[in-house]
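Here's the structure, in structure tokens; my notes come after.
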Amino acid sequence: QCVAVCPTGALSEVDNTRKVIASLVDPSKTVIVQTAPAVRAALGEEFDMEPGTLVTGKMTSALKKLGFDKVFDTDFAADLTIMEEGTELLGRLQKHLAGDKDVKLPILTSCCPGWVNFFESNFPDMLDVPSTAKSPQQMFGAVAKTYLADQMGIKREDMIVVSVMPCVAKKYESGRPEFAVDGNPDVDFSITTRELAQMIKGANINFDDLTDEEFDNPMGESTGAAVIFANTGGVIEAAVRTAYEVQTKKKLEKVDFEELRGFEGIRSATVDFDGLPIKIGIAHGLGNARKLLEDVQAGKSEFHAIEIMACPGGCIGGAGQPYHHGDTTILKKRAEAIYREDEGKEIRKSHENPFIVKLYEEFLGEPCGELSHKLLHTHYFDKKKKVEINND
Ligand code: SF4
């Protein structure tokens, strides 16, 4: 077993590739895979390509050659996350504007399990502050094993969901008991970008020679807003693109929010929602997150929304990515590649993803509705006691 240390400091890496391969050769299982946004901007480095080379099509092709029955995109679920988290943000904001003193603001993003683990362990008095939206990885699994399994006519227990993540903490996240139904997890196995590269090499696939292939549908379609989840500031930029249009009922003329981008550890910006100033904070790296959190705890924070990612640069710098040895020029090239992918997308706002619209029409009903709450939202735990015991 391969064991490596996660920079979040609390989690360790377990290699699941053997279990994935065993599932792929099991004829009783339908094995589907989702790939996180950051993977496509870094996987090429494992095959001696320049940092910042986008390999979305080759990655899809390699996954099909490895034998996955369907190759989907976590970006689809990132669009879904925006629908849920954005609705939650606007709901809290409207209550706040109506004078509700009990409403919790700022809302904190919740898609990074390294960060979730950190606040559960260090700020257990603030468990009602973060968004309750599950991460894209977990939303994907929950929808795949209900809506998709139904569409494909297969039983939940016969579907294996694999995720390829830039992240070590996602392995721990997929194993959290609340993300399972009767012991059957929504996401069966989470592997890293590096582990996918090992699988491709192990299968003797010549990555350079692969021709680009498309993701399968319905869970392979995504927008530019979903792709930028990979970069620090990207989740909140994606949320703003949707929340602005929903709140103001006006079309956003310029979808690029340069003021939310960059590499400084803590950033802030005010976005004008047609006369309503929305104050946004961004932190990457848990030391920076702690500073923003201490302000929230002390009641001194002026933000309406805060995005926090545990890894430097966000998921492009995740512990499961090809090693970059702290070289920020590599991280910047990956980030630029992600913004290029966003710019190249025909649709760049999550609420305009036609497959997301269809998912709500056919299955979920409405964002933050009853079924969404059941499948796409979660709750948090006080882990401080456990951490104290572990530290004794
Ligand atoms: Fe995982 Fe790091 Fe991304 Fe958080 S920021 S989801 S720990 S890769």
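The values are calculated or read from the model by the stated rules, or taken from the named source; none is laboratory data. If you're wondering where the values come from, they're calculated on a predicted model, not measured in any experiment. Counting neighbours? That spans all protein chains shown, and the Cβs are built from the backbone with ideal geometry, glycine included.
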Residues (among the β-branched types (Val, Ile, Thr), more than 16 Å from the ligand (Cβ to nearest atom) and touching a strand residue (DSSP E or B) at 6+ places or on another chain (Cβ under 9 Å)) located in the range 152-202:
ILE154, ILE160, VAL161, VAL162
Pick out the one residue from ALA142, ALA149 that is within 25 Å of MET59 (Cα to Cα), without any contact (Cβ under 8 Å) to a residue 40 or more places away in the chain and crowded, with 19+ Cβ neighbours inside 10 Å.
ALA149
Given (1) surrounded by fewer than 24 Cβ atoms within 10 Å (Cβ to Cβ); (2) out of contact with any helix residue (DSSP H, G or I) (no Cβ under 6 Å at 6 or more places or on another chain), number of the condition MET165 does not satisfy
(1)
Does THR232 count as crowded, with 24+ Cβ neighbours inside 10 Å, within 16 Å of the ligand (Cβ to nearest atom), among the polar types (S, T, N, Q) and closer than 25 Å to LYS291 by Cβ?
yes
Checked against (1) in contact with a strand residue (DSSP E or B) (Cβ under 6 Å, 6 or more places away or on another chain); (2) over 18 Å from PRO277 (Cβ atoms), THR211 satisfies every condition except (1)
Could you check the range 184-286 for strands (runs of 3 or more DSSP E) lying wholly inside it with 1 or more residues that are within 26 Å of GLU88 (Cβ to Cβ), among the polar types (S, T, N, Q) and at pLDDT 95 or above?
189-192, 266-273
In the range 85-96, which residues are more than 13 Å from the chain's Cα centre (by Cα) and either buried (at least 24 other Cβ atoms within 10 Å of the Cβ) or of a type in the set (Lys, Arg) (or both)?
GLY86, LEU89, ARG92, LYS95
Test ILE278 against the stated conditions and say whether it is touching a strand residue (DSSP E or B) at 6+ places or on another chain (Cβ under 7 Å) and either within 25 Å of GLU195 (Cα to Cα) or not hydroxyl-bearing (Ser, Thr, Tyr) (or both).
yes
Positions within the range 106-138 being away from the ligand (no atom under 16 Å from the Cβ), closer than 20 Å to HIS373 by Cβ and touching a strand residue (DSSP E or B) at 6+ places or on another chain (Cβ under 8 Å), in sequence order
ILE107, VAL129, THR132
Among LYS345, LYS333, LYS384, which is out of contact with any Leu (no Cβ under 8 Å at 6 or more places or on another chain), more than 16 Å from the ligand (Cβ to nearest atom) and within 19 Å of ARG176 (Cβ to Cβ)?
LYS384
Could you tell me which of the residues ASP182, ASP158, ASP216 is of a type outside the set (A, V, I, L, M) and at positive phi?
ASP182
What do you reckon, is ILE278 farther than 22 Å from PRO37 by Cβ, surrounded by fewer than 17 Cβ atoms within 10 Å (Cβ to Cβ) and of a type outside the set (S, T, N, Q)?
no
How about the range 295-317: which of its residues are crowded, with 23+ Cβ neighbours inside 10 Å and within 14 Å of the ligand (Cβ to nearest atom)?
GLU307, ILE308, MET309, ALA310, CYS311, GLY313, GLY314, CYS315, ILE316, GLY317
Quick check, is SER110 crowded, with 21+ Cβ neighbours inside 10 Å and in contact with a Pro (Cβ under 6 Å, 6 or more places away or on another chain)?
yes
